[in-house]
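Step one of this worksheet: look at the structure below.
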């Protein structure tokens, strides 16, 4: 087992299926289930061999740590929905101790994802050669996985939350203390507008009837409604520890 692990360390082209994992071990896998019976229709293990553990990242002398843990990378995969075959995979950005890709979205033309960059590594904003150490967001061509644009978090913070796309706009949040959320042009990657929620945004954003909804953890629940030019803050509602923002913006 150790020899197999060492052979798999730091592979840039993962093997399918992985030689170190038994076929009935579905760790780090995508599974398709039969809707009527719940039986597995197909499964696809992704990786190389997952020998990365947070506790082992600082000390490899721990007896239970595997030899030379591989990095936790930020790969995006496209699978055939009928059989699970890998159509393409793209390393969208650097990995980190808390992972990196926390949820993607697609409009059938492009695939969008966040890049957390929790370890503050150099993140090349492909297809340009610009480099940031912040988190950001990446768009890829849905058919090929080719990176079309990469946008860094303007607040220079990490970007842990998943993205949402609607009507040609990608919505994303930032872990900056001011809680910025961004509306990004889905075609160009340029930030169209931003708004500060005043609390760190770790979760995703929902879109409905011209409004976007952002859930924040602040200790006391409140609801904010932002129209085109006005901000209305209702009274605090002390029944939960969540803060929900509803923001209405015209989506071009």
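Nothing in this text is a laboratory measurement; each read-out follows from the coordinates by a stated rule. Because the structure is a prediction, the values reported are computed rather than measured. Quick reminder, even Gly has a Cβ in these numbers, built from the backbone with ideal geometry, and neighbours come from all protein chains shown.
For the reader, a short list of remarks on this structure follows.
- Added length on full extension, which subtracts the Cα-Cα distance from 0.36 nm per residue, residue 25 to residue 131: 34.4 nm
- Whole-number percent relative contact order across region 113-208, with pairs defined as alpha carbons under 8 Å at least 6 apart: 22
- Residues 195, 213, ranked from the fewest to the most other C-beta atoms within 10 Å, line up as 213, 195.
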